[in-house]
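The values are calculated or read from the model by the stated rules, or taken from the named source; none is laboratory data. What you are looking at is a predicted structure, and each value in this text was computed from that prediction instead of being measured. As a convention, Cβ positions derive from the backbone with ideal geometry for all residues, glycine included, and neighbour counts pool all protein chains shown. For accessibility, only protein heavy atoms count, side chains too; no ligands or nucleic acids. Shrake-Rupley method; radii C 1.70, N 1.55, O 1.52, S 1.80 Å.
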Amino acid sequence: MNNILVTKEVTKRFGEHTALNKVSLEIPKNSIYGLLGPNGAGKTTLIRIINQIAFPDEGEVFFDGEPLNAHHIAQIGYLPEERGLYKSMKVGEQALYLAQLKGLGKSEAKKRLKFWFERFEIEGWWHKKVQELSKGMAQKIQFIVTVLHRPKLLIFDEPFSGFDPINANIIKDEILKLKENGTSIIFSTHRMESVEELCEYIALLHNSEKVLDGKLSDIKKDYKNNVFDVCLEVEDGDSLLKELEGKFKVRSSTYLPGESQLELTVELPFADSKEMLAHLSSRANIVRFVETIPSANDIFIETVQSKEVHE
Amino acid sequence: MNKLPLIIKREYLAKVRNKSFVIMTFLSPILMVGMVVLIAYLTKINDNEKRIIGVLNESDFFSNEFLTTETTGYVNFKDIALQSAKDSTLHMGYYGLLHIPKGANLEQVAKNAFFFSKEAPSTNVLERLERIFQNRLFQQRIQNLGVSAKEFANVDNRFEIKTATFSGQLNLKGINEVKAFIGGGFGYLIMMFIIIYGGFVMRSVIEEKTSRIIEVIISSVKPFQLMMGKIIGTSLAGVTQFAIWILSASLLLFLVFAFFGVDLSVLNNSTHLAPGMAQSISPMDEDLQLYAIEFMKIPWFMLIAFFVLYFILGYLIYSSIYAAIGAAVDNETDTQQFIFPIILPLMLAIYVGFFSVFSNPHGPIAVGFSLFPLTSPIVMLMRLPGGIGEGGVPIWQLIASVVLLVGTFIGIVWLAAKIYRVGILMYGKKPSYKELYKWLKY
């Protein structure tokens, strides 16, 4: 079994509204899996089904090869987007309570909490009340509580919201460390730059349906359209441009005579760039020759928009 | 692993450690005892005030009727005009002046008598004076009829019909009221507990929603477990509070009366009993003994056992409704429209109980309300002190009532849990009854 979680044609309806329509996903073990989609696409419903907060009307969910059942709750850690803590409870007491609810024994939970509190250098918070903490401080506690019982699968819904950049980085490093230690991670977010940075796999949900999924690098390959960003150092840019326009499909160009630089965006009919590169190098100094690969953000927007046009 | 005890423990501690809870728990008995002591003290002061009343008696019919007592003194004016009697009353700072004019007969004299005072006189004073006139008139009138006071006393004999059950067991008049009063006490306790602690459950659910911890919790435990843990934990806190209240209030009362010597009998005199009870208790000692016997005969053990049963079932039904309401709303102000329909049957039970169970514990209304599950915990308890079986609540009614209650309990908790499960994850929706109905189908 190479997948930690598999959903098969999962459908969930709320009255007239279909929140998930036959969504099938395969989430590989020991990877970071980005669950993307605009608001209302069905991400939270899917996550709640995985956490057994909601139950699918149709379809099946498998966790580590077994049909999802109550025992798996202790093997999943979930940091919801809407997250909070009991305001009037003390930090340590509350963390202990939440850990025990996940099935940890009291002394073991205490030991592990001590470790994490030291790691984040927040030992002094144990006896503080939650209402005395700032939002970022409370988020750290929530993060600790989510990972404390060492789940096989971690689900983070917008984990970086509420963190300042420094603490967001600390959390990001922790997530990467957890992945290195063998944990599988589902990562639901709108922040595309963190998707690029962290996710190996993504799935895109839109209007309750899965519209795209797979390895991020594969998806990018599919979405690239043989467009190259070229910058040349040349004395007589105008004539070279004319010549190139005759041979290749030039989408746009700028020539700055003072700096002797010609910038071009060129689209090739197929992925072979050798011919053009050879031609260019015979005519000018190449400053830059880069294939433009679409960002996750581009893919996200393009897919969602094309869906909306078709519907 | 069963997580319910963990949740109960947390809910209990969260409630018990709450500052306002602690203050309420320890302040209320002090306030209550303070009130009792204050009332006793004020009553005493009130009684200590001695009033002096001037009497100008120009008639021949009153001579030694105005006797100075502990609270009222009389000063007789003789052979002066009414105006100067008024002046001197005012000068001396007396409470008022009673003027009994000359007259041919007592009836006429009494009719023309006047009481003058600076302010409107107190009803106590007037009653005392009126009684003097009434006695005098009564004597005069029976004398006119040629009947002696002794003879009249023989005639004026109250009659009460004796009652018994068919098996020959003697009934005491008014004992039904006494019994219903005891049961009413239990019923009232249940109502207060439901309203106070049901509200706590509701607020605790709302707090979990607004602090956004709810989704973290229910990714570890089932919503139903959380709801039940909350209800049980909160009710245990309530039982703790009630126990502290009862213990500390009785202790404090005992201490206060022991050390400050406030006379308890002052209170007893001023306590207003239910009309039926006052009548039935006051006159005869032998009856009082019968009441004591009857009181001992009330099946206390059975009563307390059923109190516990009805209390638990009734409380669980209502507090799960409260929990569902808490889950359905985003803040407390939205709860009003849902709260009223819950309080209504409770109020109805108490008032129907006090009015119709007191007068007839086995009438159709009393029976109906003691079977209907939303009112039965209160109304049945008012009927139960009369016993079970003959002369009391028929066994079939008791069984039917408990069965209906258990059935309703299962149904309501199931419905409430469904609403709760959906509601706790809904934000920013103002719920209507229609919306709640839709949630049941999710």
Could you say whether any residue in the stretch B:390-400 is surrounded by fewer than 22 Cβ atoms within 10 Å (Cβ to Cβ), in the same structural domain as B:Leu313 (by TED's automatic domain parsing) and on the phi > 0 side of the Ramachandran plot? yes
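Can you tell me which of B:Thr25, B:Thr43 is more than 30 Å from B:Gln225 (Cα to Cα) and out of contact with any strand residue (DSSP E or B) (no Cβ under 8 Å at 6 or more places or on another chain)? Lay out the reasoning, then the answer.
Values: B:Thr25 fails: more than 30 Å from B:Gln225 (Cα to Cα).
None of the other options fit; the residue is B:Thr43.
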Considering only residues of the stretch A:105-138 that are within 12 Å of chain B (Cβ to nearest Cβ) and under 19 Å from A:Lys172 (Cβ atoms), which is most open to solvent (accessible area, probe 1.4 Å)? A:Lys135
For the stretch A:202-242, which residues satisfy the criterion of being more than 8 Å from the chain's Cα centre (by Cα) and closer than 19 Å to A:Thr44 by Cβ? A:Ala203, A:Leu204, A:Leu205, A:His206, A:Asn207, A:Ser208, A:Glu209, A:Lys210, A:Val211, A:Leu212, A:Asp213
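Would you check if A:Gly34 is modelled with pLDDT of 90 or more, more than 9 Å from every other protein chain (Cβ to nearest Cβ) and crowded, with 22+ Cβ neighbours inside 10 Å?
On the way: modelled with pLDDT of 90 or more: yes; more than 9 Å from every other protein chain (Cβ to nearest Cβ): yes; crowded, with 22+ Cβ neighbours inside 10 Å: yes.
Yes; evaluated as a whole, the condition is true for this residue.
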So is A:Gly92 crowded, with 16+ Cβ neighbours inside 10 Å, of a type outside the set (A, V, I, L, M) and more than 14 Å from chain B (Cβ to nearest Cβ) or not? no
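With A:Ala296, A:Ala284 as the choices, which residue is surrounded by 14 or more Cβ atoms within 10 Å (Cβ to Cβ), in contact with an Asp or Glu (Cβ under 8 Å, 6 or more places away or on another chain) and closer than 30 Å to A:Glu197 by Cα?
Going through A:Ala296, A:Ala284 in turn, the sole match is A:Ala296.
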Would you be able to tell me the number of residues in the stretch A:37-49 that are open to solvent by less than 10 Å² (accessible area, probe 1.4 Å), within 12 Å of chain B (Cβ to nearest Cβ) and not β-branched (Val, Ile, Thr)? 0
Which condition breaks for B:Ser84 when tested against (1) buried (at least 18 other Cβ atoms within 10 Å of the Cβ); (2) more than 26 Å from the chain's Cα centre (by Cα)? (1)
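Among helices (runs of 4 or more DSSP H) lying entirely in the stretch B:372-442, which contain 1 or more residues that are within 14 Å of another protein chain (Cβ to nearest Cβ) and without any contact (Cβ under 8 Å) to a residue 12 or more places away in the chain? Full working, then the answer.
On the way: elements: B:376-383, B:395-423, B:433-439.
Counting at least 1 such residues, we get B:433-439.
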So which residues in the stretch B:1-18 are within 9 Å of chain A (Cβ to nearest Cβ) and assigned to a helix (DSSP H, G or I), if there are any at all? B:Leu6, B:Ile7, B:Lys9, B:Arg10, B:Leu13, B:Ala14, B:Arg17
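Please specify each residue of the stretch B:198-216 satisfying the condition of being over 38 Å from the mean Cα position of the chain (by Cα) and more than 7 Å from chain A (Cβ to nearest Cβ).
Restricting attention to the stretch B:198-216, the residues satisfying the condition of being over 38 Å from the mean Cα position of the chain (by Cα) are B:211-216.
The answer is B:Ile214, and nothing else.
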Can you find even one residue in the stretch A:50-61 that is more than 9 Å from every other protein chain (Cβ to nearest Cβ) and either of a type in the set (Gly, Ala, Ser) or open to solvent by less than 10 Å² (accessible area, probe 1.4 Å) (or both)? yes
Could you pull out the residue among B:Phe21, B:Phe26, B:Phe66 that is open to solvent by less than 50 Å² (accessible area, probe 1.4 Å), more than 14 Å from chain A (Cβ to nearest Cβ), in contact (Cβ under 8 Å) with a residue 60 or more places away in the chain and of a type outside the set (D, E, K, R)? B:Phe66
Looking at the stretch A:168-203, which of its residues are at pLDDT below 90, closer than 19 Å to A:Gln305 by Cα and surrounded by 21 or more Cβ atoms within 10 Å (Cβ to Cβ)? A:Thr189
What single numbered condition from (1) more than 10 Å from chain B (Cβ to nearest Cβ); (2) open to solvent by 20 Å² or more (accessible area, probe 1.4 Å); (3) within 27 Å of the chain's Cα centre (by Cα); (4) touching a residue at least 24 places away in the same chain (Cβ under 8 Å) fails to hold for A:Glu81? (1)
